[in-house]
Amino acid sequence: MHTIIVIGAGVLLLGLCLLVGRFVGEGPSALARAALVFVPLWFIGAAINLWIGVSRAGYSVADESPIFLLVFAVPAALALIVRRRLAA
């Protein structure tokens with residue numbers, strides 16, 4: 001359940017980045033750039049989730065690594081799909 005919540009938080013952060021991109025820039029290129037800016041921000045967020053799982057929940061890095069990949073990959077892939085559609 002926690003993994004789904006964290007992925008949902010990533011999707012919400014992507015939406016927030018796109019909203020900021022809409023108000024800061026003009027046109028689809030600003031939204032495409034905002035989607036691209038989201039990816040490193042989300043990497044940091046997913047890494048923090050990994051760190052919490054290792055340091056506080058007691059999981060090993062080997063246990064948390066597949067979860068990290070899933071948590072990072074789903075919103076990041078969505079961001080890259082959005083970017084590709086807006087950049088075209």
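If you go through region 16-67, how many residues are small (Gly, Ala, Ser) and more than 14 Å from residue 83 (Cα to Cα)? Summing the residues that are small (Gly, Ala, Ser) and more than 14 Å from residue 83 (Cα to Cα) in region 16-67 gives 11. Figure legend. Inter-residue proximity from region 55-71: first residues touching a residue at least 60 places away in the same chain (Cβ under 8 Å) and part of a helix (DSSP H, G or I), second residues of a type outside the set (S, T, N, Q) and surrounded by 10 or more Cβ atoms within 10 Å (Cβ to Cβ), beta-carbon distance below 6 Å, spacing 6+ or different chains. Indicated pairs: 71/6; 71/7; 71/46. Among residues of region 1-27 that are under 21 Å from residue 74 (Cα atoms), those with a Cβ under 7 angstrom from a residue that is aromatic (Phe, Trp, Tyr) and at pLDDT 95 or above, sequence gap 6+ or separate chain, pair up as 10/42; 13/38; 13/42; 14/38; 17/38.
Output yes when any residue across region 38-54 is among the β-branched types (Val, Ile, Thr) and touching a residue at least 60 places away in the same chain (Cβ under 8 Å), and no when none is. No - not one qualifying residue is present in region 38-54.
Restricting region 33-87 to residues that are of a type in the set (D, E, K, R) and farther than 21 Å from residue 21 by Cα leaves a set whose member that is surrounded by the most Cβ atoms within 10 Å (Cβ to Cβ) is 64.
The values are calculated or read from the model by the stated rules, or taken from the named source; none is laboratory data. Because the structure is predicted, anything quoted here is derived from the model rather than measured. Positions of Cβ are generated from backbone atoms using ideal geometry, with glycine treated the same way; all protein chains shown enter the neighbour counts.
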